[in-house]
Amino acid sequence: MKIIRYQDSSGTTAYAAQQPDGNAFKLEGDIFDAPRVSGMKADVHKLLAPLPRPVIFCIGLNYRRHAEETGAPIPSFPIVFLKNPAAVQDPGCPIELPTHLKSNEVDYECELAVVIGKQCKNVSRTRALENVLGYMCANDVSARDWQGKWGGSQWCRGKTFDTFAPIGPCLVTADEIPNPNTLWIRTVLNGETVQESNTSDMIFDVPTLIEFLSGSTTLLPGTIILTGTPSGIGAARKPPRFLRAGDTISIEIEKIGSLKNPVLDEK
């Protein structure tokens, strides 16, 4: 099922199941507890991020070719950081380039987002996917200057500005993606493909990440795991290519869809 979260013409927020023909029907019940598709057509006025204000765990350097392009060694354990829940941005809404804490090096990162479906802790790798609700496209937008030079050796400052976590356009339930490590993934910037890979290139696959993150740690329903980005980031290009106001960027993942956002300067 492709689940969308939307706002109708009256301003009410709800969930719906998107159909292959583009129509959507309202969902009844909790999306974390076997929601039912109603016969009532959804009045989709605005598409929203599938989850509002989630906990966001992120994984760095998790694609082999990406590690190679940065000159970094292959990590022995997943590299973990977090994003502020308020960094989430809706599909179609702008990524804002910071102007108060100014950055001239805002970069894109296409990522597969994993959504935890039930509370879990100390999960084994073999049973990890039983705890997944579904998958989304995500853009781990990153201010490289704040990430590398001005962030006090921590990545979070450069990764967690407002609008730096677009997610969507829908949440595809896990039954439609039995193996999340066989999906093609790419970034398209102003019509040009700048990242293109397959999730099979991950160093730590999705079950391994869930096992690691749930170790001695409770993962709540709705927790998002951003699983890392493939090669082709703007910072690694020669010359570097960073986002500028007026750009349009799309994250595309097989079986999920396309997450598109314009780029503007922060107001």
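Values computed for the structure shown
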{"read-out": "Radius ratio Rg over Rh of the stretch 1-151, counting only Cα atoms, Kirkwood formula for Rh", "value": "1.01"}
{"read-out": "For the stretch 39-166, accessible area per residue (1.4 Å probe, heavy atoms of protein chains only), Å²", "value": "44"}
{"read-out": "For GLY134, distant residues with modelled amide H under 5 Å away", "value": "VAL115, ALA174"}
{"read-out": "Under-5 Å amide H pairs with ALA49, H placed in peptide plane, nonlocal only", "value": "ASP90"}
{"read-out": "Highest-fluctuation residue, HIS45, HIS100, HIS66 considered, GNM on the chain with Cα pairs under 10 Å", "value": "HIS100"}
{"read-out": "GNM flexibility winner over the chain from CYS137, CYS110, CYS156 (Cα, springs under 10 Å)", "value": "CYS156"}
{"read-out": "Helix-only CD estimate at 222 nm, as mean residue ellipticity for the chain, using -39500 (n - 2.57) per DSSP H run (n ≥ 4)", "value": "-2000 deg cm²/dmol"}
{"read-out": "Derived scalar couplings ³J(HN,Hα) [the stretch 234-248; Karplus, 6.51 cos²θ - 1.76 cosθ + 1.60; whole Hz; x for Gly, Pro]", "value": "x, 5, 8, 7, 10, x, x, 10, 10, 6, 10, 4, x, 6, 10"}
{"read-out": "Pairs of Lys in the stretch 1-156 closer than 21 Å at Cα, counting only those 8 or more apart or on different chains", "value": "11"}
{"read-out": "Long-range Cα-Cα pairs in the stretch 1-86 (distance over 17 Å), rounded percent", "value": "61"}
{"read-out": "For peptides 213-220, 53-60, sequence by mean Cβ density within 10 Å, most packed first", "value": "53-60, 213-220"}
{"read-out": "Scattering curve values for the chain, log₁₀ I(q)/I(0), Debye with Cα scatterers, q = 0.08, 0.13 Å⁻¹", "value": "-0.30, -0.81"}
{"read-out": "Accessible carbon and sulfur surface of the chain relative to its total accessible area, %, 1.4 Å", "value": "50"}
{"read-out": "Relative contact order %, the chain, counting alpha carbon pairs below 8 Å whose residues are six or more apart", "value": "25"}
{"read-out": "Ratio Rg/Rh, restricted to the stretch 62-208 and using Cα atoms, in which Rh is the Kirkwood radius", "value": "0.96"}
{"read-out": "Amide hydrogen neighbours beyond the local backbone of ILE167, cut-off 5 Å, H modeled", "value": "GLN89"}
{"read-out": "Ordering of 169-179, 1-11, 89-99 by packing [mean C-beta count within 10 Å, highest first]", "value": "89-99, 169-179, 1-11"}
{"read-out": "Contact order normalised by residue count of the stretch 77-161, Cα under 8 Å, 6+ apart, percent", "value": "33"}
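The values are calculated or read from the model by the stated rules, or taken from the named source; none is laboratory data. Everything quoted here is computed from the prediction, not taken from an experiment. Note: ideal-geometry Cβ built from the backbone for every residue, glycine included; neighbour counts use all protein chains shown. All accessible areas refer to the heavy atoms of the entire protein, side chains included, with ligands and DNA or RNA removed. Shrake-Rupley method; radii C 1.70, N 1.55, O 1.52, S 1.80 Å.
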